[in-house]
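Asker: This structure is in structure tokens; I'll ask about it shortly.
The values are calculated or read from the model by the stated rules, or taken from the named source; none is laboratory data. None of the values given here were measured: they were computed from a predicted structure. No Cβ is skipped: glycine too gets one built from the backbone with ideal geometry, and neighbour counts run over all protein chains shown. SASA here: full protein model, heavy atoms, side chains in, ligands and nucleic acids out. Shrake-Rupley method; radii C 1.70, N 1.55, O 1.52, S 1.80 Å.
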Amino acid sequence: MSADPQAPAVPAVVAVAISGGRDSTALLHAVLRACRGSGVQVQALHVHHGLMSEADDWVRHLERQCRRWRSRIHPLLSLQVERLTDRPVAGESVEAWARQQRYAALARMARQVGAAHVLLAHHRTDQAETVLLQALRGGGAAGLSAMPGVMQRDGLQWHRPWLSRPASAVAAYAARFRLSCIEDPSNADPRFDRNRLRHQVMPVLRQGFPQCERSLQQVAAHAQAAQALIAEIASLDASELQDESGRLLRSAWLRLSPARQRFALQHWLQQFEPLSGLPESLLSRLLHELPSARNGSQWPLGEGWTLGLHRDGLARLQLASVRAQLEASCVQLSVCGPGRYPVPAWGGALEVERSQQGGVADRWLADIRLRSRQGGEQFQTAPDRPARSLKKQFQAAGVAAWARHAPLIYGVMASGIAESSSECLLLVPGLGLDARALAAAGEPQWALRWIADQDAESGT
């Protein structure tokens, strides 16, 4: 009989993540029994975190165990071990650090041995705990989805074949074959969230709700379906909201409903920050500030990157290039009368109007220059107040840090001597006119105002 063309191909190499604990030991044993006589190579992958004094003993235990099983069950078994040299930084969650490092190390080892599939020993009890932990941390549909049975990550396919089985079934398997397993003392440490949930909360839940694990597993399944739908719609929205350079167009984004705004923005941001690394605080801040943010507003992403709004487009920018661009954008204007003077390099326009009082002197308007803060600038709010640093004036006026990136506007007055001129700070957007540039009573004077592009479009 010919082979079924619809049957999935059996991989030549299968990798199994093994810590040495009961669950992963049972999974490796079951995989070896299933692969016996098949010609499939089984690669056991172990990550030595270097966090426990017993870690070297665990490696020796796995080496002895794999030698024994290679001779008794399946000769095509190998053990791969990677020792981590990094350590979590001060204040970092050890659990989160270990999980991230473990997956990265498993992926490296799997690729080295030519395995495209990695099996993980998570079971239904692990899934129920994960759903509860995500709920207690305020997770949405993505968090409540918990762990998928199959996922693509780092170019590999990760499988959790026992995700629908209770921990008791895995324990029964291990007892049946008298498997020798490692007892990790950290699994009882109440400092870790999962341990407190496992040992203090889950037993009480099972007493009051015997079917709680099945119910929580159903929550994960429902959340996975909801998240798939959200991701599908968000992907379609995000693709429609971007211009040819990949910027998110704010005007189009604002036409979406609030729920779709949130998920479209989140989907767009995930190209820079994976969902696990995207701070909820950044997403919340953008949802609150982006609708009314001025041109030039920025939101820091960390590690030398920022999100910047320019001419209706939100883009990720390197801070170094932003600074270089602004420093190079010293724009010179010649004002000859009232009106709006566009400054495309700065994404806005300078508005000039005649004024009866409180305006700048006429002599400063012949040569207007716009440039970025260089450091050390001072601003005087009123004639009877001292000049203070821009930073202090911004703080006193409550101008947010991300709203301090508009150009400073200077006037330059020729002194009558060749190559000699004097310069005066006229206008700081967010603060107003500098008192030192104000005209005397009865002197011709002008009101100046900086208009960002979106303000000009809205007529404000």
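Asker: Only one of the values [x] 26.0; [y] 27.4; [z] 23.7 was calculated from this structure for Kirkwood radius over Cα pairs in Å; name its label.
Answerer: Correct label, based on the coordinates given: [y].
Asker: Let me ask another. Express as a percent, rounded to the nearest 5, the fraction of DSSP beta bridges in the range 113-251 (both residues included) that run antiparallel.
Answerer: So the antiparallel bridges amount to about 60 percent of the total.
Asker: Give me the net charge for the shell around Ala397: Cβ to Cβ below 14 angstrom, other residues only, Lys and Arg +1, Asp and Glu -1.
Answerer: Every neighbour counted, the sum reads +4.
Asker: Another question about this same structure. Between Leu283 and Arg260, what is the spin-label point distance in nm, taking each point 7 Å from the Cα along the Cα→C-beta axis?
Answerer: Computed distance between label sites Leu283 and Arg260 equals 1.8 nm.
Asker: Hey, another quick one. Treating the angle as unsigned and between 0 and 90°, give the value, to the nearest 10°, between the Cα long axis of helix 94-112 and the longest Cα principal axis of the chain.
Answerer: 70
Asker: Next question, about the same structure. Per residue, how much accessible surface does the range 1-159 expose to a 1.4 Å probe? Answer in Å², no decimals.
Answerer: Using a 1.4 Å probe on heavy atoms only, each residue of the range 1-159 averages 50 Å².
Asker: Write down the accessible area per residue of the range 162-266 in Å², having rolled a 1.4 Å probe over the full set of protein chains.
Answerer: 62
Asker: Can you give me the relative contact order of the chain as a percent, contacts being Cα pairs under 8 Å and 6 or more apart?
Answerer: 10
Asker: A follow-up question, please. Quick one: net charge around Ala15, please, counting Lys, Arg +1 and Asp, Glu -1 for every other residue with C-beta under 14 Å from its C-beta.
Answerer: +3
Asker: Per residue and in Å³, how big is the convex hull formed by the alpha-carbon atoms of the range 78-200?
Answerer: So the per-residue Cα hull volume is 148 Å³.
Asker: Can you give the extra length, in nm with one decimal, that the chain gains between Ala188 and Arg72 once fully stretched, where that is 0.36 nm per residue apart less the Cα-Cα distance?
Answerer: 38.4 nm
Asker: With all protein chains present, how much of the accessible area of the chain (probe radius 1.4 Å) comes from carbon and sulfur, to the nearest whole percent?
Answerer: Of the solvent-accessible surface of the chain, carbon and sulfur hold 51 percent.
Asker: In addition: Need one number: % antiparallel among DSSP beta bridges in the chain, to the nearest 5.
Answerer: DSSP beta bridges in the chain are roughly 75 percent antiparallel.
Asker: Ordered by packing density, taken as the mean number of other Cβ atoms within 10 Å over each peptide's residues, highest first, how do 235-247, 286-298 rank?
Answerer: 286-298, 235-247
Asker: Multiplying the sequence separation of Leu236 and Ala96 by 0.36 nm and subtracting their Cα-Cα distance, what value in nm do you get?
Answerer: Full extension of this stretch gives 47.3 nm more.
Asker: Please compute the modelled spin-label separation between Asp367 and Arg196, points set 7 Å along Cα→Cβ, answer in nm with one decimal.
Answerer: 6.6
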